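Enquirer: Structure provided below as structure tokens; questions to follow.
The values are calculated or read from the model by the stated rules, or taken from the named source; none is laboratory data. Quick caveat, the model's predicted, so the values are computed rather than measured. Cβ atoms come from the backbone with ideal geometry, glycine included; neighbour counts cover every protein chain shown.
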Amino acid sequence: MRLEILFFVAPALLVFLFFVVWPILKAVQFSVYRWKGYGPLVDFVGLDNYVSVLQNDVFTGAFTHNMIIVVLSILIQLPLGLAIALLLNRKMWGQGVLRTIIFVPYVLAEVIAGVVWFQLLQPQYGVIDTILGAVGLHGPEEGWLGTPDVALYTVIAVLTWKYLGLAVILFLAGLQGVPEELYEAAQIDGASWWQVQRKITIPLLGPTVRTWAFLSMIGSLQLFDMVWILTGGGPANATTTMATFLINEGTKRSNYGIASAASVILFVVALVMALLYQFFILRRDTQDAPRTKKAKR
Amino acid sequence: MSAGTITGTVTPAKRQATNTRRIKRQGGGSPLVYLIALVVVAFTVGPVLYGVLGGFRTNAQLADKPAALPDPWVLTNYTGVLTNPDFWQYALNSAIIALLTTAIVVIFGMMAAYPLARYQFRWREPLFLVFVLGLLFPATVAIIPLFILISKDLHMGNTWWGVALPQAAFALPMTVVILRPFLMALPKELEEASLLDGASRIGFFWRILVPLSGPGMVTVGVLAFVGSWNSYLLPLLLLQDDMKTLPLGVADFSSEHASDTAGVFAFTSLAMIPALIFFLAMQKRIVGGLQGAVKG
């Protein structure tokens, strides 16, 4: 019996330990050395790498950008996704096709979506500036991705395009779990469409929304591909994220100690936010009884 | 979808005109709903469609009238990509790495989920917790040591396996978390009956459990495949030259031919086709898997 368990679990466990746990422990080890990637690890510097990362304006800027992306992604995608899901949650012509189409951007690689948007956003001769020009407006002179004050928000707009479909599809799936009797009861009581949505649908969608927001948050903290393709972190570090910072330090400058310290900080930030979210928000989903009662009232 | 029929009758537009007490069912939403749906669709597929159509235009056309249809339609951009051996090499690399990743994830994931779901032993829950905690480890955190481990220690830097193994490792926690409840839900009687018939537990696993778990395996397999097909960061660090995958190829092509917008559009459009076809074929599984992940 023990041998059987070992036989079944060992392959997955070994791969997991070797390619996930071990590298993460190594990252912690690298982070306390000054190391350029060759020779032995001898130059122990204690927490110096952490201090230098935390004092680095590029990194603190990157951290701020990550936080802006976390917050704005949820603030923009939640109401939009909810509105679209509520509108689509009805019998209508072409519903299946519609759901498929909405999900398309999510299935594309971030790189592919990024390359297409990069072309669309080209200053002057890109199609977006052309359309704006046709109605008498014009984009920023240096381009949407070339103007430091605008670039981050342009990236967020592209991310919204890429990930809104996921929110809509998940919310729609959550809506299907709302029992029909509740709608019938509400309508017999004379509730309006808006009242039904506000008092029944949205509260019952709570767990789905909270889990989606959690996934969105974790994704925003790790953001790399889209930024790397659209701006590479520029202009003037206006769009760096923690991930682009550590890849830059690690692969372009071979500062493995600094890059590892940054990755450990990224991990701690993600972990703390995940735990806080779990504690303050997701915890409500385990207390099932009161929630359902409240929603029915 | 049953819920939709009821709400569909009480649109905000109609609410003002009629009284609220109506349970009559009717298909179709109001024109407003269709209008909004149309806007959403345009916003969603517009950029993709523009890219695909842009591939049928010349750079002169694109520069002259950026927001017009191809006139005349030119095929040279697409034929240029399709006769480019690099494109096929990248597609092949992407396909092999995605298949290897999927195979490791499905086989190892099923094997690990089985005892975690259906055996009783002291270390069961702690062991499962190891995988659950694995969900919290973003690949980005481990990327620098992984790069050194794979390229310098294992000398697998520019190989298919060098990318597939770590990708599978990072996909395993989610796989185990999705598969365990799936395996738990299969009735206990099946196991008792087959054990009574003299089958070993390993025999039960291969002959009964694996065939019955088709849907669960397809779901985790599809998620692993799409994840691998689209991945960028790990291949970026590990693969060079003719070992590159499609996302790397797309990024390279776009920076090397930055002024050849039409060529970039053609290359990108062709690179997105496999993912789109795969998605259309497996749509239910992908959505189902994501829902499962959200509920889990």
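Enquirer: Hey, among the residues in the stretch A:1-48 that are in a helix (DSSP H, G or I) and touching a Gly at 6+ places or on another chain (Cβ under 9 Å), which one's farthest from the other protein chains (Cβ to nearest Cβ)? Spell out the reasoning first.
Expert: Residues of the stretch A:1-48 in a helix (DSSP H, G or I): A:2-30, A:48.
Among the residues that remain, those that are also touching a Gly at 6+ places or on another chain (Cβ under 9 Å) are: A:12, A:16, A:20-21, A:30, A:48.
On the way: A:ALA12: 4, A:PHE16: 5, A:VAL20: 5, A:VAL21: 8, A:PHE30: 6, A:ASP48: 17 Å.
Out of the qualifying residues, it is A:ASP48.
Enquirer: Taking the criterion of being of a type outside the set (Val, Ile, Thr), within 13 Å of chain B (Cβ to nearest Cβ), surrounded by fewer than 21 Cβ atoms within 10 Å (Cβ to Cβ) and part of a loop (DSSP other than H, G, I, E, B), would at least one residue in the stretch A:78-90 satisfy it?
Expert: no
Enquirer: Test each condition in (1) of a type outside the set (A, V, I, L, M, F, W, C); (2) assigned to a helix (DSSP H, G or I); (3) more than 22 Å from A:LEU72 (Cα to Cα) for A:HIS138 and report the one that comes out false.
Expert: Single failed check for A:HIS138: (2).
Enquirer: Same structure, new question: Does A:VAL70 satisfy the criteria of being crowded, with 19+ Cβ neighbours inside 10 Å, of a type in the set (A, V, I, L, M) and either over 16 Å from A:LEU246 (Cβ atoms) or within 24 Å of the chain's Cα centre (by Cα) (or both)?
Expert: So A:VAL70 passes the test.
Enquirer: From the list A:THR231, A:THR208, A:THR201, A:THR244, exactly one residue is more than 11 Å from chain B (Cβ to nearest Cβ), of a type in the set (Val, Ile, Thr) and surrounded by 20 or more Cβ atoms within 10 Å (Cβ to Cβ). Which is it? Outline the logic, then answer.
Expert: Values: A:THR208 fails: more than 11 Å from chain B (Cβ to nearest Cβ); A:THR201 fails: more than 11 Å from chain B (Cβ to nearest Cβ); A:THR244 fails: more than 11 Å from chain B (Cβ to nearest Cβ).
The unique qualifying residue is A:THR231.
Enquirer: Would you check if there is a residue in the stretch B:239-246 being part of a helix (DSSP H, G or I), at the interface with chain A (Cβ under 10 Å from one of its Cβ atoms) and surrounded by fewer than 24 Cβ atoms within 10 Å (Cβ to Cβ)? Step through it out loud before you land on a result.
Expert: Restricting attention to the stretch B:239-246, the residues satisfying the condition of being part of a helix (DSSP H, G or I) are B:241-243, B:246.
When the remaining residues are screened for being at the interface with chain A (Cβ under 10 Å from one of its Cβ atoms), the result is B:246.
Filter once more, keeping what is surrounded by fewer than 24 Cβ atoms within 10 Å (Cβ to Cβ): none.
No, the stretch B:239-246 contains no residue that is part of a helix (DSSP H, G or I), at the interface with chain A (Cβ under 10 Å from one of its Cβ atoms) and surrounded by fewer than 24 Cβ atoms within 10 Å (Cβ to Cβ).
Enquirer: More than 24 Å from A:ALA261 (Cα to Cα), surrounded by 21 or more Cβ atoms within 10 Å (Cβ to Cβ) and modelled with pLDDT of 85 or more: is that true of B:MET156 in this structure? Steps first, answer last, please.
Expert: Working: more than 24 Å from A:ALA261 (Cα to Cα): yes; surrounded by 21 or more Cβ atoms within 10 Å (Cβ to Cβ): no; modelled with pLDDT of 85 or more: yes.
When the stated conditions are applied, B:MET156 does not pass them.
Enquirer: Let me ask you something else. State which residue is nearest to A:SER254 (Cα to Cα) when the search covers only the stretch B:114-173 and only residues that are in contact with a Leu (Cβ under 9 Å, 6 or more places away or on another chain) and polar (S, T, N, Q).
Expert: B:SER151
Enquirer: Something else: In this structure, is B:LEU149 part of a helix (DSSP H, G or I), crowded, with 22+ Cβ neighbours inside 10 Å and facing another protein chain (nearest Cβ under 9 Å)?
Expert: no
Enquirer: Restricting attention to the stretch A:109-139, and to residues there that are away from every other protein chain (no Cβ under 11 Å), over 21 Å from B:SER259 (Cβ atoms) and not hydrophobic (A, V, I, L, M, F, W, C), which single residue is surrounded by the most Cβ atoms within 10 Å (Cβ to Cβ)?
Expert: Taking the stretch A:109-139 as the starting set, the residues that turn out to be away from every other protein chain (no Cβ under 11 Å) are A:123, A:135-139.
From what is left, the residues that are over 21 Å from B:SER259 (Cβ atoms) are A:135-138.
If we keep only those that are not hydrophobic (A, V, I, L, M, F, W, C) as well, we get A:136, A:138.
Numbers: A:GLY136: 6, A:HIS138: 11.
The qualifying residue surrounded by the most Cβ atoms within 10 Å (Cβ to Cβ) is A:HIS138.
Enquirer: A:ILE101: free of Cβ contacts under 8 Å to residues at least 12 places away in the same chain, surrounded by 17 or more Cβ atoms within 10 Å (Cβ to Cβ) and of a type in the set (A, V, I, L, M), yes or no? Show your work before the answer.
Expert: On the way: free of Cβ contacts under 8 Å to residues at least 12 places away in the same chain: yes; surrounded by 17 or more Cβ atoms within 10 Å (Cβ to Cβ): yes; of a type in the set (A, V, I, L, M): yes.
So A:ILE101 passes the test.
Enquirer: How about the stretch A:192-256: which helices (runs of 4 or more DSSP H) wholly inside it have at least 1 residues that are over 30 Å from A:THR147 (Cβ atoms) and charged (D, E, K, R)?
Expert: On the way: elements: A:193-196, A:206-221, A:225-230, A:242-247.
Fully inside the stretch A:192-256 and qualifying: A:206-221.
Enquirer: Can you tell me how many residues in the stretch B:252-262 are buried (at least 23 other Cβ atoms within 10 Å of the Cβ) and closer than 12 Å to B:GLY55 by Cα? I'd like the intermediate steps shown before the answer.
Expert: Filtering the stretch B:252-262 for residues buried (at least 23 other Cβ atoms within 10 Å of the Cβ) gives B:253-254, B:261-262.
Add one more test, that the residue is closer than 12 Å to B:GLY55 by Cα, and what stays is B:261-262.
Looking only at that region, the number is 2.
Enquirer: Looking at B:GLY249, is it in contact with an Asp or Glu (Cβ under 7 Å, 6 or more places away or on another chain), in contact (Cβ under 8 Å) with a residue 60 or more places away in the chain and either crowded, with 20+ Cβ neighbours inside 10 Å or not hydroxyl-bearing (Ser, Thr, Tyr) (or both)? Talk me through it step by step, then tell me what you get.
Expert: Values: in contact with an Asp or Glu (Cβ under 7 Å, 6 or more places away or on another chain): yes; in contact (Cβ under 8 Å) with a residue 60 or more places away in the chain: yes; either crowded, with 20+ Cβ neighbours inside 10 Å or not hydroxyl-bearing (Ser, Thr, Tyr) (or both): yes.
Considered against the rule, which asks whether it is in contact with an Asp or Glu (Cβ under 7 Å, 6 or more places away or on another chain), in contact (Cβ under 8 Å) with a residue 60 or more places away in the chain and either crowded, with 20+ Cβ neighbours inside 10 Å or not hydroxyl-bearing (Ser, Thr, Tyr) (or both), B:GLY249 comes out as yes.
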